[in-house]
Structure formats: C-alpha cells, structure tokens
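Engineer: Take a look at this one; I'll ask things after.
What follows is calculated from the coordinates using simple rules that are stated; it is not laboratory data. All values derive from a computational prediction rather than experimental measurement. Neighbour counts are summed over all protein chains in view; Cβ atoms, including those assigned to glycine, are modelled from backbone coordinates with ideal geometry.
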Amino acid sequence: MNGHLNGHANGSAHLSAGSSKHSIRQKQKSKGSYLGWIFDKSAKVAVWATLYTVVFRCPSTPADLTTSNSDTYVCKPYFQAREYLTPYAQPYYDQYLAHHVAAAEPYYNQFHKHVYTPGQAIYNVHAAPRVADAQKFGQEQWEKTVKPQLDQLSAVANAQYSANLAPHVSKAQEAVQPYYSNVQASANKIWTAQVEPLVQKAAPLAQDYASRGQQFAVETALPQAQVAGSYAAEFWARQVYPRLRVLYGENVEPQLLRITERLGRYRDGKKLQAEIKSIETSASLASASTSASSIAASVSSVVSQVANSPASIISEVSSSAAAAPKASVDPKVQFQADLDNWKTLSATAVEEGIEDLEERVRELTERQTTSQAEGVGRSLVIELEEAASSAQAKVKARTLQIVRALPDDPTDEQLATAEEDLLQVVRKAGQSLKQKAQDVRDWREKYTAETESLVAAALESTLETVSHIRELRLTEIGRKYAAVDSLPHKAWAKYNELKKTEQTSPGWRSAVKRAAYGHVGLAASRRAGVTPRAPAWQPLKTPRRSLLA
C-alpha cells in the first residue's frame with residue numbers, strides 16, 4: 001500500500017515536473033517568437049520610414065540641408081554615403097539605370113506636382129493643426145495622468161532598491177573594484193606602450209595597401225578579367241563549339257533523326273488506317289440506319305392496313321407469298337455500289353495520306369534546316385574562316401621571318417632557298433584551307449542527299465500505306481462476290497480492269513509525289529543548304545588578296 005502511494009506520488013511528481021518544463025519551454029518560445037515579431041516589424045517600419053525620408057523629405061543637395069531640419073539624422077548619412085559611392089556606382093548607373101530613370105522622371109514630376117505638392121498643402125492647412133492639437137492633448141494627458149504614476153512607481157522602486165539591493169551591490173563593487181582597477185591599468189599600459197604605436201605605424205601602410213589594392217582591382221584586375229572573359233567567349237564560339245557541333249551533327253543527330261522519322265512513319269500509317277476504318281464504320285452505320293428506317297416504315301404501313309381490313313389483307317398477303325418469289329437486291333447493282341464506295345474511300349485515303357505526308361515533310365525539312373544548315377553548316381563555315389585567318393597570319397609571319405633572314409645583298413642560291421621556303425609555307429596553308437573547303441562541299445552533298453532520302457522514305461511509306469488500303473478494299477470486294485453466279489461477265493471485266501489500273505496507273509501516285517517533292521519546306525531546305533556556301537568561299541579569297549597586296 002505504501003509502495004503504491006509512493007509510486008503514484010513519484011509518477012505525479014514526474015508528470016508535474018515534465019508539464020512545468022514543457023510550459024516553461026512554451027513560454028520561452030512564445031516570448032522569443034513575440035520578440036522576433038516585434039523586431040521584424042520594427043525593422044520593416046524603420047526601413048520604409050528611411051526610404052520615405054530619403055525620397056520625399058531630404059533635399060536634392062547637401063547644401064540645402066540645415067540644422068533645423070528634423071530629418072538631418074537620416075539625410076546627412078545618406079548624402080555622405082552617396083558622395084562616397086557615386087564614383088564607383090555612377091558608371092553602372094549610367095549604363096543600366098539612367099535611361100529607365102529618364103523615362104520615369106516625367107511621371108514622377110507629374111506625381112510630385114499634381115498629387116504630392118497639393119496633398120502636402122492640404123495637409124498643412126487642414127490636417128496639420130488637428131495633428132498638433134492631438135499631440136498637445138496627448139502631452140497634457142501624459143503630464144496629468146501617466147507621468148505622476150510613473151514617478152510614483154519609480155520612487156517606490158528606488159526605495160526598495162536602496163533598502164534591499166544597494167548594500168549588496170556596494171559590497172560587490174568594493175570587492176571587485178581593486179581587481180577591475182588593476183586590469184584596467186594593465187590594459188591601458190599595454191595599449192599605450194605596445195599596441196597604440198603599432199597601430200599608428202601600421203595605419204598608413206594599411207591605408208596605402210588598401211588604396212593600391214583598390215587601384216589594382218579597378219584599373220588592372222577588372223579590365224584584364226573582362227578581356228580574358230571576352231577572349232574565352234570568342235574562343236568557345238569560334239573554336240570549341242563549332243567542332244563539337246559538327247561532331248554531334250555528323251555522328252549523333254542523323255541517327256536520332258532516322259529513328260524519329262521511322263517511328264513517325266509507322267505512327268502516321270496506323271493513323272491513316274484508323275481514319276479509313278472509322279470512315280467505313282460510319283458509312284456502314286449510316287446504311288444500316290437507312291435500312292432499319294425503311295423496314296420500320298414498311299412494317300408500320302402493313303400494321304395499319306391489317307388494322308383497317310384484316311381479312312382481305314391476310315388473304316392478299318398469303319396469295320402474294322404463294323405466287324411471288326422472295327424479293328432480293330440485284331447483285332449487279334450492289335456490286336456497282338461497292339465499287340463506287342471503293343472509289344470514294346480510295347480518294348479519301350489519298351487526300352488523308354497527302355495531308356499527313358505534307359505535315360511530315362514540313363517537320364523533317366524544318367529540323368534539317370535548323371540542325372544541319374544553321375548548325376553544322378554554319379559551324380563548318382566558322383572553322384573555314386578561322387583556318388583562313390590562321391593561315392594568313394602564319395604566311396605573313398613566316399614571310400617576314402624569311403625576309404629578315406636574308407642579307408642586304410643575297411645571292412641567287414639564298415633567294416632560291418627563300419622562295420622554296422615561302423612556297424612550302426603557302427602550299428601548307430593552301431592544303432589546310434583546301435581541306436576545310438572540301439569539308440563544306442562534302443557536307444553540302446551529304447545534306448542534300450540526306451534530306452532527299454528522308455523525303456523519299458516518307459513518300460514511300462505514304463504510297464505503301466495508301467496502296468495497301470486501296471488494294472485490300474478492292475480485294476475484299478472480289479472475295480465478297482466470288483461465289484455469286486448471277487454477276488455478269490461484264491461486271492467482272494470492269495473489276496479486273498479497275499484492279500489492273502490500280503496496280504499500273506500513276507494517277508494518284510503522281511499526286512502524292514507532287515505533294516512531297518513540290519513542298520515549300522523542301523525548297524526552303526534546299527536554299528538553306530546552298531546559303532552557307534556563299535560566305536564559305538570569301539575566306540579563301542581574302543588571304544590571297546592580302547598576300548598579293
């Protein structure tokens with residue numbers, strides 16, 4: 001029993017201790033959060049007040065700032081900071097912000113003239129006296145009500161402090177004062193004897209090094225960094241990137257393009273077959289709906305007649321059924337209708353195939369123009385230009401070197417040797433330019449062949465899909481009527497002629513080919529392939545003219 005009570009008491013103590021610790025942490029956290037909130041809001045108010053004072057209340061120049069101005073504590077540091085930072089920030093301001101400020105200045109002047117100045121005048125006339133009265137009333141209430149209470153509380157607090165804490169504070173000061181005085185005297189002695197002379201000697205050196213470092217950074221390091229950055233960017237754009245672009249465009253991109261086009265042809269073929277199947281299904285449903293409507297009309301007519309005269313109608317129907325054979329659709333008429341439907345469906349398949357082919361040709365020619373003509377072709381031209389510049393510089397440098405090596409009165413053998421050396425240099429430079437120019441020619445032929453091959457593959461896929469749709473539907477019609485004996489020979493002759501024409505006639509195939517090879521995108525792609533060649537030969541002419549000059 002006693003152990004149970006002790007355990008219960010201990011558990012209660014632990015719970016109460018835990019809850020008290022938790023409440024203390026909550027109070028500290030809420031106190032910290034509240035203090036953080038106050039600090040955050042105060043900082044924001046101070047920032048906005050400072051900005052408002054700088055923009056609207058500070059004068060335009062430091063000369064207009066007077067000691068009577070209530071905003072001196074903000075405006076004076078602002079003018080000092082502006083005077084110090086202006087030489088460094090002015091170039092960036094003129095380059096990036098001056099035109100924006102000039103564009104916004106008329107609106108600011110209009111706002112200041114028509115909104116702020118009249119509003120300030122209205123405030124001074126109507127609101128300022130009310131604010132002054134409110135301030136005066138608040139000061140009177142403070143002096144009358146709040147200040148006496150605060151003075152009384154301050155007197156009570158001072159009396160309690162003098163009675164309870166002041167003796168202990170005095171004893172602590174008396175005990176600590178000797179040690180504090182010794183430490184202070186030692187610190188002052190060390191500062192005066194050792195630290196202060198070093199600081200005085202090091203201050204001019206530090207200031208000199210700081211000014212030299214600043215001068216080096218502004219006059220040397222930053223310009224050199226800008227020059228190095230421009231050189232690096234030019235080296236990347238003229239040397240590295242063209243080579244990478246050519247390697248990617250000649251080895252990786254064509255494979256990806258072939259895979260993409262193969263998948264596109266397969267997808268477009270399935271799409272065309274699905275569209276034709278949907279058209280057939282819609283036609284079958286429409287025919288079935290028409291037949292059902294006619295049957296329903298016939299049934300309703302018979303039912304109405306039976307309701308009017310059942311005996312006569314029944315006898316008439318019985319005699320008609322016994323005398324007349326069962327009615328059926330004429331196979332010849334149905335066969336001709338199926339052929340007409342096949343022609344309509346085939347024409348639709350050709351139209352849909354041409355539309356899909358035109359879209360695919362547009363996509364692949366745009367891709368060829370963007371990736372090959374504007375990418376690989378332009379990169380090869382840049383490499384040719386760089387090779388021409390490099391060859392020209394090497395030939396000039398070697399020519400000057402050979403000329404300087406000759407004596408004032410050279411012999412024929414020395415002249416022949418110099419001419420041979422110069423010829424070797426020019427021949428070597430010409431070989432490098434020839435190889436780069438041949439790369440441009442090879443790319444042009446490869447680009448044309450690849451574009452034509454892609455267009456031909458897309459055309460062949462479309463022709464194969466449309467031909468399969470037409471032949472399959474025509475073969476289904478033949479199988480459907482193969483067991484019909486009443487179909488005349490003339491109808492089958494017409495069917496065979498139509499099938500032979502389908503296999504040999506170039507009619508619809510010519511239309512599909514015209515849609516592919518006459519596409520505006522293909523013509524634009526051909527022109528884009530020719531365009532890089534025009535500026536490609538200019539670098540070959542410039543060094544020759546320069547050397548001849």
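Engineer: Find how many whole Å separate the alpha carbon centroid of the stretch 148-226 from the alpha carbon centroid of the stretch 340-387.
Structural biologist: If you average the Cα positions of each part, the centres end up 79 Å apart.
Engineer: Using Cβ contacts closer than 10 Å as the measure, can you line up Lys499, Lys144 from fewest to most?
Structural biologist: Numbers: Lys499 16, Lys144 9.
With the sparsest Cβ surroundings first, the list reads Lys144, Lys499.
Engineer: Nearest 20 debye, what's the magnitude of the dipole of the stretch 335-548 about its Cα centre given +1 on Lys and Arg Cβ and -1 on Asp and Glu Cβ?
Structural biologist: Numbers: 33 positive and 33 negative charges, 74 e Å.
Dipole about the Cα centre, nearest 20: 360 debye.
Engineer: Highest mean first, how do 145-157, 53-65, 388-400 rank when packing is the count of other Cβ atoms within 10 Å averaged over residues?
Structural biologist: 388-400, 53-65, 145-157
Engineer: Next question. Efficiency by 1/(1 + (r/R0)^6): what FRET value for Ala102 and Tyr517, r their Cβ-Cβ distance, R0 = 56 Å, to the nearest 0.05? Working shown, then result.
Structural biologist: Working: r = 57 Å, r/R0 = 1.02.
The formula returns an efficiency of 0.45 here.
Engineer: While we're looking at this one, here's another question. Farthest toward the dipole's positive end in the stretch 106-164, which of Asn124, His112, Phe137, given Cβ charges of +1 (Lys, Arg) and -1 (Asp, Glu) about the Cα centre?
Structural biologist: His112
Engineer: Could you work out the relative contact order of the stretch 335-548? I mean the mean sequence separation of Cα pairs under 8 Å and 6+ apart, divided by the number of residues, in percent.
Structural biologist: Details: 140 pairs, mean separation 103.1, N = 214.
Relative contact order for the stretch 335-548 comes out at 48 percent.
Engineer: Is the shape of the stretch 385-427 best called rounded, prolate or oblate, per the rule: a/c under 1.5 gives rounded, else a/b larger than b/c gives prolate, else oblate, with a ≥ b ≥ c the square roots of the Cα gyration tensor eigenvalues? The partial results should precede the final answer.
Structural biologist: Working: a/c = 5.80, a/b = 2.24, b/c = 2.59.
It is oblate, given that a/c is not under 1.5 and a/b is not larger than b/c.
Engineer: Can you work out the FRET efficiency for the pair Thr61 and Gln207, with r the C-beta to C-beta distance and R0 = 30 Å, to the nearest 0.05?
Structural biologist: Working: r = 29 Å, r/R0 = 0.98.
Efficiency at R0 = 30 Å is approximately 0.55.
Engineer: Could you give the nm distance between label points at Gln173 and Ala159, where each point is 7 Å from its Cα heading toward the beta carbon?
Structural biologist: My value for the distance between the label points is 2.3 nm.
Engineer: While we're looking at this one, here's another question. Going through the cross-link list Lys343/Lys500; Lys396/Lys446; Lys44/Lys144; Lys76/Lys201; Lys76/Lys144, which pairs have a Cα-Cα distance over 26 Å in this structure?
Structural biologist: Working: Lys343/Lys500 14 Å; Lys396/Lys446 35 Å; Lys44/Lys144 34 Å; Lys76/Lys201 32 Å; Lys76/Lys144 37 Å.
As for pairs spanning more than 26 Å Cα to Cα, those are Lys396/Lys446; Lys44/Lys144; Lys76/Lys201; Lys76/Lys144.
Engineer: Quickly work out the Lys446-to-Arg527 label distance, labels modelled 7 Å from Cα along the C-beta direction, and quote it in nm with one decimal.
Structural biologist: 2.6 nm
Engineer: Let me ask you something else. Where the only charges are on Cβ atoms (+1 Lys, Arg; -1 Asp, Glu), what is the dipole of the stretch 407-452 about its Cα centre, to the nearest 20 debye?
Structural biologist: Values: 7 positive and 12 negative charges, 109 e Å.
The dipole magnitude comes to about 520 debye.
Engineer: Can you tell which of Thr370, Ala483, Thr411 lies farthest toward the positive end of the dipole of the stretch 335-548, using +1 and -1 charges on the Cβ of basic and acidic side chains (Lys, Arg; Asp, Glu)?
Structural biologist: Sorting the options by dipole projection puts first Ala483.
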